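So the structure is just underneath, and the comments pick up after that.
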Amino acid sequence: MIFKNKIDLKKYLFFTMIVSLILTLIFIILNINEYQTITKNYNNKIVGIIIKIKEKYPNIKEDEIMDILNSKNKNIDIFSKYGIDINKESLVLLNEQKHYLFLIINLLLFIITIIIIITIFLKYEQKKDKQLKEITKYIEEINKKNYTLHIDEISEDELSILKNEIYKTTILLKESADNSLKDKKNLKKSLEDISHQLKTPLTSILIILDNLIDNQSMDNQTRQDFIRILKREVMNTNFLVQNILKLSKLDSNTIQFNKKEYLVKDIIDKSLKNVSVICDLKNIKYIVKGDNKIKIYCDFNWQVEAISNIIKNCLDYSKENSKIIISYEEKNVYTLIKIKDFGSGILKSDIPYIFQRFYKGKNSNSDSIGIGLALAKSIINEDNGNINVNSSKDGTEFIIKYFKL
């Protein structure tokens, strides 16, 4: 139950305060009653003395009697011959008896008060001992890797804070164990994907090499075609390996990003330079629009890698003699970059998966590896951005937003 410990503690404190208050009131009432009883007894005796005096001395005035009563003169030896010490004993015997009676009652109340407070304290300590045993049991279960624990009692006392911290530690350990298992599964899947991606080009390379070695009489033109295919497959394999290494570094957080403010124009210019050969081969023109002064906070080289991969994807889907439009502008909370091609577009069924590793859309070419967009997304996310895509039969547009810190 939420706040149960806190409520219990308040109950103990409240009960202790109520008991203490009641007993204090009883003490006060007893003291008042004792004072009134003793005063009444004294007054009755004095009234009796005054009556006797007036009977024996009828001419004495009442003012004289009051002066005697209110006189500050003391004669403590007057009763010593009767064995009475007025500094220690009351002249009125009844008062002496009442005094001892009230003293016994007060002593009993004090003892009862101590017993009640000790009982409350022991009960509270017993509950704390029970909680400590529960905490010990929780820790033992955690050591057994049993993370299915729920500590619902959250309050402000020391043990509840300790329980809360143990609960947090339990959650962290559970998340760590789950993440470790998840990482193992992801690693297994990634290795399977990498193995599958490498298997095709390596098999092709082995077949071509066997043909070149076994067929010594192969004509020169066929040999040159095989060598070109070999070069292409080796380049594709090298590209795949390099991108897999980059992704693994991003996943393991082993990259030291050198983040500064860079001009968006410089990033786009460098990215276009990286894909200029493809633009020339397909005679694709590019149009860049935007304020040359706009900057984003990022790692320059990695952002060039991301933008280059996105532009390359657009070029792969673009028709020959077409164009690519790159525009960028600054908004209130983010910087926007749009990269649009006028190619065949991406199928609607493929759009949710195009940023997944090794995913190849139905319209992708045979040379596609399916890793460029996944790498681009990881890099953009690292620099506090996100990427989305809109596509139709008239072309595809990538929308990148870099949010301001």
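The values are calculated or read from the model by the stated rules, or taken from the named source; none is laboratory data. Computed from a predicted structure; not experimentally measured. Glycine also receives a Cβ, built like all others from the backbone with ideal geometry; neighbour counts cover every protein chain displayed.
A compact table of results
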| read-out | value |
| --- | --- |
| First in region 356-379 and modelled with pLDDT under 80, second anywhere and of a type in the set (Gly, Ala, Ser), Cβ under 6 Å, 6 or more apart | ARG357/ALA374; PHE358/GLY370; TYR359/GLY370; LYS360/SER368; LYS360/GLY370; ASN363/SER344 |
| From the options VAL47, VAL19, residue that is at pLDDT 70 or above, aliphatic (A, V, I, L, M) and closer than 26 Å to PHE121 by Cβ | VAL19 |
| Cross-chain or 6+ apart pairs with Cβ under 8 Å, region 167-193 first and part of a helix (DSSP H, G or I), then modelled with pLDDT of 70 or more and of a type in the set (A, V, I, L, M, F, W, C) | ASP193/PHE358 |
| Only one of TYR82, TYR57 that is in the same structural domain as ASN41 (by TED's automatic domain parsing) and at pLDDT below 75 | TYR82 |
| Neighbours by Cβ (under 8 Å, 6+ apart or cross-chain): first from region 30-51, of a type in the set (D, E, K, R); second assigned to a helix (DSSP H, G or I) | GLU34/LYS98; GLU34/HIS99; GLU34/PHE102 |
| Residue satisfying condition, being touching a Phe, Trp or Tyr at 6+ places or on another chain (Cβ under 9 Å), surrounded by 17 or more Cβ atoms within 10 Å (Cβ to Cβ) and not polar (S, T, N, Q), within set ILE244, ILE296, ILE284, ILE307 | ILE296 |
